[in-house]
Amino acid sequence: MRSTVKSFRFRGASRFAGRSAFTLIELLTVILIFGVLIAILVPSMSAARAAGKDASTAGTLSAIQTALEAFKDEHGKTFPRSGGYPPSFMHPNLYDQDNQPVFTMAQGANGRFPFLPGYPKVYGAHYLPAMLMGADLQGFVRRSDVPPDLLGQPERWYTVLDDQGTLLPRAASYLDASRVRLIRTDELPGTHNPVHFPNWAMMKHLPVIADAHDRPVLYYVPHRHGSLQNMMEWYYSPTNHYPDGPPIYYHVDNAGFTGILSEPLYNQPGWNFGRGGLHRIARPGHELTALDIDDDHNRDTLARYVLDMRAFRSLPEKTAKSPLRPVNKDTYLLITAGRDAIYGSPDDVRNFETGE
C-alpha cells in the first residue's frame, strides 16, 4: 500500500530561497554611511546648542542694560563720576547733597567694596548684582533712606534696623533675578589667581551675573570726564595725576578675571575657566598711541578691543597725540568670554561693536 503521508513545505520558505546573508562589504558600507551621518549631524547639533547659548547670553545682556538705565534714572546724581551708572571698580564713592563723598577715597576707591566690613577688593563683575539687586540681592538701599549717622557706614546699610525696628527700605530690584544666572565667585568653573583675590575669604561669597557658559559678565563704566588723549590706563591710583587728563577706562576694573599682562611691570594671568590660554585682553594697551594701536602686535589688548574703529579710521592724520575714542564712552561695556572661555576673542558676546 502506498503511503498517503503528504510532505508539507513552509509557505514562506520560497521567499528566502537563494538569498544569502549580508556580506562584509555591505555591512561596512552601512557602518560608513552611519558614520558620515553622525559626522554631519553632531557638529550641526553642537553649533545649534552654541548658538542657543549665545542667544541666551544676549538676552542676559539686554536685561542688564535695561536695569542699568533704570538705575541711572534714579541715581544719576549719586554717582556723578560714572554718569549715574553703578561703579565698576574705581568709582564707588557715594555723594551727599553738597556733592561731598559719603566715605573717603581711601575707603571707596581702588576697588574696595563698600557693602562689606573692611571693604574687600572686588571687580566690576561683582558690582553689577550688588548695585542692581542690592548687596544681599533683596533690593538696593537708596542713600536718601539712610539715616545721617550711617551715611559713612555703607557696610551697615543692609543689616541695620531703623527707628521702627525694621531693615532700611529697599528700592525695587532693577534686575529680576529670575532673568539672569547668578553664581557665587567660588562656584565659577576653573581656577582663580590668588594674586588678584587677596580678600578671598570674603570675595568668594560675592555673586556675579554669568553668561550661558557660567562665566562672569564683565562690566566697565567710563570716567565721565575722561580725556580722549588718555583712553586707557592699566591701574588706578588716587594720588596719580595723569598729564593727558583722566582716563576713560581702567583695565584693572575686571583684572581678576582677565588677568594683567603689563610687561615688564606686572604679569599675572587671570581666571582659567578650564580651557587654558591667556585672555586676549589681559594686556591693557594703555601706552598705545594712534601710530601703533593698529599694529598686528598690539591687536590683543583691551585698548584695541574697545577702540571705536569708525572714529579711528576717520582721523585726517594720525600722530602720537591723535585722540583715541573708545566705544560706549558715555555708557558702559558688558563683555562675556563666549564659547572658547577667552575674553577678547571673536566669539565674545558683548554690548558693542567697534566698527571694523
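Neighbour counts of other C-beta atoms within 10 Å: give me LEU161, LEU333, LEU291 arranged from fewest to most. Present the calculation step by step, with values, prior to reporting the outcome.
Working: LEU161 9, LEU333 23, LEU291 12.
Taking fewest neighbouring Cβ atoms as first place, the list is LEU161, LEU291, LEU333.
Modelled label-to-label distance, LYS321 and GLU263, 7 Å Cα→beta-carbon offset: nm?
3.0 nm
Which residue, chosen from ALA210, GLN229, PRO120, occupies the Cα position most advanced towards the positive end of the dipole of region 49-335, where the dipole is computed from +1 (Lys, Arg) and -1 (Asp, Glu) charges on Cβ about the Cα centre?
Farthest towards the positive end: ALA210.
Using Cα positions and a limit of under 26 Å, work out the lysines in reach of LYS53, with same-chain residues fewer than 8 apart set aside.
LYS53 reaches LYS204.
I want the local charge near ARG142. Using Cβ-Cβ distances under 11 Å, sum +1 for each Lys or Arg and -1 for each Asp or Glu among the other residues. Could you put the intermediate results ahead of the total?
Values: positive: ARG143, ARG170; negative: GLU74, ASP145.
Once positives and negatives cancel, what remains is 0.
With each label point set 7 Å from Cα along the Cα-Cβ vector, what nm distance links SER56 and ARG184?
Distance between the two pseudo-spin positions: 2.2 nm.
Of all the C-alpha pairs in region 49-335, what % are more than 34 Å from each other?
19 percent
May I ask you to give the average projected area over all directions of the convex hull of the Cα atoms of region 237-335, in nm² rounded to one decimal?
Its Cα hull, projected and averaged over all orientations, spans 7.5 nm².
Determine the dipole magnitude for region 49-335: charges of +1 sit on the beta-carbon of Lys and Arg, -1 on that of Asp and Glu, nothing else is charged, the reference point is the Cα centre, and the result goes in debye to the nearest 20.
Values: 28 positive and 30 negative charges, 102 e Å.
Around 500 debye, computed over region 49-335.
Less than 25 Å apart at the alpha-carbon level, and either on another chain or at least 8 residues along: which lysines does that give for LYS77?
Cross-link targets: LYS121, LYS329.
How far apart, in nm, are two points set 7 Å out from the Cα along the Cα-to-Cβ line at GLU26 and at ALA39?
2.4 nm
Read the figures in this text as sums done on the coordinates, not as results from a lab. Since this is a predicted model, take the numbers as computed values, not measurements. As a convention, Cβ positions derive from the backbone with ideal geometry for all residues, glycine included, and neighbour counts pool all protein chains shown.
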